[in-house]
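The values are calculated or read from the model by the stated rules, or taken from the named source; none is laboratory data. Please read these numbers as outputs of a predicted model, since none were measured by experiment. Using ideal geometry, Cβ is built from the backbone for each residue, glycine included, and neighbour counts are taken over all protein chains shown.
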Amino acid sequence: MKGKPIGKELTRQSERLLIRAATEAIKTDFPNPERLGCPESTSLIAIARRNLSGPDTEDTIDHIATCAPCLDEYNRHRRRHLLLRRGRFALICFAGVVAIGSAWHFGRMPQKQPVARQAPDPVLTATLDFSNRTVERSDEVQRRPEPKTPHLKRAVLKLTVRLPIGTEDGAYSVEFWTGNDQPVAKATGNAVWDGSAETLISTIDLRKLAPGEYTLAIRNARWLWSTYKVLLD
Ligand SMILES: [Zn+2]
């Protein structure tokens, strides 16, 4: 058995040859019932696991080939190791299949949440009636006490504003301000007389605004801002 250098690469084929040759002769030629000169079990296990870096690896392999009890023991360790490795491999494969299967399964499942999120938000309608208020401008010093503050939903709003008597037809800018002058939402609209009030219609997106009090500011090209307190729910 010394003829061929085994080195650190004990291939499956050379292993099979080794075992076959050894098994044939070993039981009769090298019974070694007292286990004289046998290596530690840890060395046999190391070789069974292909940890071939030990300094005595080649000697141990030679010994296995000439000792019936060590060959038996080696075979047990080797079978156990291969079985465990196959088991682990099978487990990894199984886990992979499960993962792929789950991904496929969930990929096919109707995904209500994302669909709901992707669906365009409905446009809500809201009407603010300021028709009974005087035309107030932000530069006016004298102000009446504000009437009850109207509430709006934080949504895409088709906002109808009944403007105070005396306002004009035409294009308007509509803004929501925080504080007194920080615009956080902007839109434009057109005002027409609907028979009872000057009515401005514009669509404005309030979804990203935090709940709280805002200033609704409205103006056309000729007027300064008219401002109204509103609450976003
Ligand atoms: Zn032995």
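Looking only at residues of segment 35-77 that are modelled with pLDDT under 90 and among the acidic types (Asp, Glu), we find that the one that is farthest from residue 17 (Cα to Cα) is 56. Of all residues in segment 36-53, none that is outside the structural domain of residue 82 (by TED's automatic domain parsing) has its Cβ atom under 9 Å from the Cβ atom of a residue that is within 10 Å of the ligand (Cβ to nearest atom) and in a loop (DSSP other than H, G, I, E, B), 6 or more apart or on another chain. Within segment 43-72, can you find the residues that are more than 13 Å from the ligand (Cβ to nearest atom) and of a type in the set (Gly, Ala, Ser)? 46, 48, 53, 54 - these are the residues of segment 43-72 that are more than 13 Å from the ligand (Cβ to nearest atom) and of a type in the set (Gly, Ala, Ser). Kindly check whether there is at least one residue in segment 78-87 that is buried (at least 16 other Cβ atoms within 10 Å of the Cβ) and either outside the structural domain of residue 17 (by TED's automatic domain parsing) or at pLDDT 90 or above (or both). The answer is no; no qualifying residue exists.
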